[in-house]
Every structure is written in C-alpha cells, then in structure tokens.
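As structure tokens, the structure follows; a few thoughts come after it.
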Amino acid sequence: MARVKRHRVLPGFGLTCGYTLTYLGLIVLIPLATLFLKTSSLTWSQFWTTVTSERALFAYKLTIGASFLAALVNSVFGLIVAWALVRYRFPGRAILDALVDLPFALPTAVAGISLCALYAPGGWLGGILQKAGVQAAYAPLGVVIAMVFVSLPFVVRTVQPVLADLDQEVEEASASLGARRWQTLRRVVFPSVLPSLLTGLALAFGRSLGEFGSIVFISGNMPGRTEIASLLILTRLEEFDYAGATAIAVVMLGLSFGMIFVINVLQSWSRRGAV
Amino acid sequence: MAGAAGQFGGTNKAGGRVGTRDPLWMRWSLTIVAVGFLALMLVLPLVIVFATAFSKGWAGFAAAIAESESWSAIKLTLLAAAVSVPLNIVFGVAAAWAISKFEFRGKDLLITVIDLPFSVSPIIAGMLFVLLFGAQGWLGPWLAARDIKIIFAVPGIVLATVFVTVPFVARELIPLMQSQGREEEEAALSLGASGWQAFFRVTIPNIKWGLIYGVILCNARALGEFGAVSVVSGHIQGVTNTMPLQIEILYNEYKFVPAFAMASLLVLMALLTLVVKHGIEWRAARSHAQIVDETVGAAATA
C-alpha cells in the first residue's frame, strides 16, 4: 500500500487513465464488440456454412499460403540485407538502410498501382517474366509479390539490432579455435539470430494476412484464383450480406489475434536469449 | 584487449576484426544480393511512379493535379489527417502518462488493447463502422431518423482513419517514458511546480523527439489509409474520395498519368517521413554516443 502511495505523488492518474479507457472504449472496443454481437445473430450452422463455403476456404488458403511464402522470402533476403547493412560498408548503404522502412510510410494504394504497373503483361518486369513464361500480375504470384513488399521491413528491422549487438569476440574465439568462417556463421551467429528471425517472420506473416490495398490491383481479384480473404469480406459487404462478411471477418480476426499470442511468445524468447 | 586486436591484425574498415571477416567473394555476393533485392522491391516501384507521372511532362502532371476532383480528394485527405492526428496525439500522451508514471493492475492488457488496431485488417476496421452506423447497422435507424449521415459520408472516413491510427503515438511514447521513469517530474513537483508545469517544462522536452517520431508515422498512415476508408466511403467522387481512393478510380479507368501524378504526391510525403524519421534516429544515436563518451571520459579521469 505504501508503495502505491509513493507512486501516486505525481498527479493526473485519474484524468489520463480515465481518458485512455474512454477513448479506447469508444474508438476500438465498442466497434469490435459490434462485430461479435453481429456474429451471435447467426445460428451455428449458418456461421459454419458461411465460413466453410468453397469460395471462403479458397480465400483463406490463398491468404495464408501467400502470406507464409512472402514471410519466407523476406526471412531469407531480410537476413542477407540485415547482415550486409550491419557488417559491410558500401556506397549507398545509408540510403538503402533508410529506404527499408518505405513500406511503412508508403500508402498501400500507391504500392498497389506501381507494383501492378511493373508486373503487368507488357510492364517493365512483367514483359521480361512473360518471355520466361511466368505470369505475375493477375495470378497468385502477384499476391505474393505485393505481400513481400508490405512485410519487407519486419525481418530486417528485428534482426538488424541483434546483429549489431552481437559480441564479435565469440566469433573471434570460434575462428581462433579453428572453425571455418562458414562453421562460425552457422554454429555461432545463426543460433543467436534465430529468435529474432522467427519474430520477424511472424510479424511479416501477420502483416500480410490483413493486407488489402497493395494486393487488390495486382491480383485481379478472381474468385477461386486470386481472391484474398479481405477482398471476399469487402465483396460480401458490397452485396449488403453483412452476416456473411462478419462470419469471414471473425475467422480472419481470430487468426490475427492468434498471431499476437505467437509473436508475444517469440519476443519473450528472444529477450531471454539476449540476457 | 588492444593487444589481442593487434595480434589479429587490428580492425578493418568495416569494423570487423580479421577473425570475424567474411571472405571477399562472400562479401561481394551478399552485398549484390541485398542491394539487388532492395532495388527490385523498393526502388523500382518508386521510379515507375515518377516515370509515369511525368511521362507527359510537367504540363500533364500539373493538369492532372489541377482537376477539381483531385483537389477535393486532397482536401478531404488533409481533413481526415487534421482530425485524427491531434486526437491520437492527446490519446497517446495521456495513455503513456498513465502507463509509465503509475502502477496498476491490467497494464499489460491495456497495452495489448492499444495495439489492437494494428492487428485488425483495414477492411475489417472499416466494416466495424458499417456494422455500427450503416443503414442496417445498430445505430443506423436512429441516425436515419435524425438525418445524420456517417457511413458514405465524411464523418465515417474520419472515424475509420482515427481507428487505424490509434496506436502510433502511444506505442512510441510508452517505452520511452517507461525508460525515463518518474524522478524528474517528482523533483519538479518537490520544487513547487504544479502538475501541468511539470508536464510542459519537464516531460514534453524529454519526450519531444519520440513524440515527433510517432506523429510523422501516424500522419503517414492517416494520409495513406486505403482499405478502411474504402469500406466506409461509398466512392462518391468529389465528396467522399480521399487521395488513395481517387488514385484507385483513376487507375481503374486507365487514366495512368493522373493516377500516378496523385501517387507521386503521396510518395513525396512517404520519403519526407523517412527523412525525418532517420534524422531523429541519427540525432538519438549521436546524443547516446555523446553520453557514452562523457561517461567513459568521467570514468577515465576518476
């Protein structure tokens, strides 16, 4: 009790805490509660039929599969980018380092139209791919490309500080004990980076799951081929099928909240690793 | 330690000691892969925006921006940001004050709730407000009877923007203020300052850079939000179209030059955001280095 009193020397607890709770309640919690109330107006069998319809199942599969692929691509390249940015010096390094955050700052619609223009048949990159017999835009590959773009910063930015803080004496010790450089990287560096790499992967995956703006242009939005879950929700809303939209939204929201839990576990693991 | 480093041949330019240096072929190939990946994924999309926006010269660019629908989209976007950014600044500062200066139960839960809008897909965020205020929503009939329009109108766009930008300022300030503790404010109070004086003279100068950091990220998201706004807007040209929505319409009508001209304005905003963000980080790193230098210097003289 004495401890609490001492902490309450500063004023403003009632004001700031009350304001925070009221604001969150009005802007975040009441709207979210509406979603679950709306779902409860469906019977269980209605809910189940909606969320397991063939079109919805395809949309989850595409969204989850493409998000995972994009997160994997970003894990591999993000690790290389983080390593190069931390360990090597080359011209333009500082600018590239700053540019890594671009997907956080660039509006998704802008990313969407420029990726679509680049990869469309006849576009700068789309033309090249077409000659190689690969269709990127208006195909599932386009969805993956857009997700790689929006989730690019996560792995780089979670791995980078860990690499920068890595004690190089351990690497030196490993080298002086006769380990080849490759063995040192694999046995010494990689294990200490792994928790942050997995955290970055999970963050990237979670970001891609809900992505909409950068994907709608390049994907072409064909049901059963390139239609992601977010778009299916929007389509249902525009048909005024609010119950259908809500049911699919609850599934996706459940997935996102599950990812929060996974990310929390991974983060506490990487913090433990740091100590 | 100096002796050991000397034994291994000292440090190279990259800061890595010889025992920790990658072979030349590896440095070259990894650098090429990293630069190539970033150029392909980040630089090329920016280049195509400007290349298309100016493909018909300055005149084409200016004509595209000067269209009345483009102008009203720009104004609406600025309005949405002008409402949501200040609201979330006040919220962020209040939440960070409560969380960092006091101990109470459920703090972790509160932090999780603040972060929730980041985990809600933008489409779902927009949908929440349709379910609440739309024609078939909970408050729809009540609002219709009083002739108040929220969905497919400007208030809906502002609300959706506020929702998606809730966490930005708070999540920058909370860890910062937690690390600063409460001693400085307590000292100010014991010297006779009022609570507000302590806040404005002590807290605000301490958190100013973190606050600016949060504000520019919040602003970038407010100006660029697409999914959530798209659901509540109804796409009425000249009335409820924000810049990203106008870009979508222009692009889908194959009006590429005007679409990319609008997009180039948002790209400039994004690049400016990165410049400010990096400037703040550079400043923080420098002052940190200064503190370390001073501590080391003091330790040496002691």
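The values are calculated or read from the model by the stated rules, or taken from the named source; none is laboratory data. In this text the structure is predicted, and so the values were computed from the model without any measurement. Positions of Cβ are backbone-derived with ideal geometry, glycine not excepted, and every protein chain shown enters the neighbour counts. Remember, those area values only see protein heavy atoms, side chains included, never the ligands or the DNA or RNA. Shrake-Rupley method; radii C 1.70, N 1.55, O 1.52, S 1.80 Å.
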FRET efficiency (B:Ala284, A:Arg93; Cβ distance; R0 25 Å; to 0.05) is 0.85
Whole-percent carbon and sulfur contribution to the accessible surface of the protein assembly as shown (1.4 Å, no ligands, DNA or RNA) stands at 67
For peptide A:206-214, the mean count of other chain Cβ atoms within 10 Å per residue Cβ is 5
Bounding extents of segment B:56-129 in its principal axis frame from Cα atoms, largest first in Å, are 60, 26, 22
Shielding of A:11-19 by other chains, given as the mean Cβ count within 10 Å, works out to 6
Computed, not fitted: 222 nm per-residue ellipticity of chain A from DSSP H runs ≥ 4 (each -39500 (n - 2.57)), nearest 500, equal to -24000 deg cm²/dmol
With every protein chain kept in place and a 1.4 Å probe, the residues A:Val155, B:Val239 fall, from largest accessible area down, as B:Val239, A:Val155
Given B:127-133, A:80-86, the highest-first ranking by average Cβ count within 10 Å works out to B:127-133, A:80-86
Using the Cα gyration tensor of chain B, the equivalent ellipsoid's semi-axes, largest first and to the nearest Å, work out to 42, 33, 17
Note on segment A:147-198: the mean projected area of its alpha-carbon convex hull, in nm², is 3.9
In terms of the alpha carbon gyration tensor, root eigenvalues a ≥ b ≥ c, rounded if a/c is under 1.5 and otherwise prolate when a/b exceeds b/c or oblate, segment B:130-184 is prolate
Fraction of alpha-carbon pairs in segment B:32-97 farther than 15 Å apart, rounded to whole percent, equals 72
Convex hull around the C-alpha positions of segment A:75-204: the volume in Å³ per residue is 140
Beyond 21 Å (Cα-Cα) in this structure, taken from B:Lys107/B:Lys277; B:Lys56/B:Lys255; B:Lys107/B:Lys208, we find B:Lys107/B:Lys277; B:Lys107/B:Lys208
Candidates B:Gln178, B:Gln136, B:Gln290; GNM for chain B (alpha-carbon contacts under 10 Å) flags as most fluctuating B:Gln290
Kirkwood Rh for segment B:30-153 from C-alpha pairs, in Å, is 19.9
Two pseudo-spin positions, 7 Å from Cα along C-beta at B:Thr295 and at B:Leu24, lie apart in nanometres by 4.0
With Rg from the Cα atoms and Rh as the Kirkwood inverse mean 1/r over Cα pairs, segment B:147-213 has an Rg/Rh of 1.23
In Å, the Kirkwood estimate of hydrodynamic radius for chain A over Cα pairs equals 21.8
A:Thr108 neighbourhood, Cβ < 13 Å, K/R = +1, D/E = -1, net charge -1
Quarter of the surface of the C-alpha convex hull for segment B:213-302, i.e. direction-averaged projected area in nm², equals 7.6
Accessible-area loss of at least 10 Å² in the complex relative to the chain alone (1.4 Å probe) applies, within segment B:126-154, to B:Met127, B:Leu128, B:Phe129, B:Val130, B:Leu131, B:Leu132, B:Gln136, B:Trp138, B:Phe152
Cβ-Cβ cut-off under 11 Å around A:Arg87, Lys and Arg +1, Asp and Glu -1: the net charge is +2
Averaged over residues of B:109-118, the number of beta carbons from other chains lying within 10 Å of each residue's Cβ is 4
Expected field for B:Ser179, accessible surface area in Å² at 1.4 Å probe radius, rounded to 10, holds 90
Other residues with Cβ under 11 Å from the Cβ of B:Leu250 give, with Lys and Arg +1 and Asp and Glu -1, a net charge of -3
Treating only Lys and Arg (+1) and Asp and Glu (-1) as charged, each at its beta carbon, one finds that the protein assembly as shown has a dipole about its Cα centre, in Debye to the nearest 20, of 860
Under the rule rounded for a/c under 1.5, else prolate if a/b exceeds b/c, else oblate, using alpha carbon gyration tensor axes a ≥ b ≥ c, segment A:1-94 is classed as oblate
Across all Cα atoms of segment A:174-275, Rg and the largest Cα-Cα distance (Dmax), in Å, are 20.6, 69
Once phi for every residue in segment A:92-99 is put through the Karplus expression 6.51 cos²θ - 1.76 cosθ + 1.60 (θ = phi - 60°), the whole-Hz ³J(HN,Hα) values, with Gly and Pro written as x, are x, 4, 5, 5, 5, 4, 5, 6
For the protein assembly as shown, the per residue accessible area (1.4 Å probe, Å²) is 45
So for R0 = 30 Å, FRET eff. of A:Ser45-B:Lys107 from the Cβ-Cβ r, to 0.05, ends up at 0.15
Most packed first (mean Cβ within 10 Å per residue), the peptides A:14-26, B:101-113, A:64-76, B:146-158 order as A:64-76, B:146-158, A:14-26, B:101-113
Judged on accessible area alone, 1.4 Å probe, highest first, B:Trp97, B:Trp209, B:Trp138 line up as B:Trp138, B:Trp209, B:Trp97
Cα-based Debye curve of the protein assembly as shown sampled at q = 0.10, 0.13 Å⁻¹ gives log₁₀ I(q)/I(0) of -0.94, -1.47
Expressed in angstrom and ordered largest first, the alpha-carbon extents of segment B:97-211 along the principal axes are 57, 28, 28
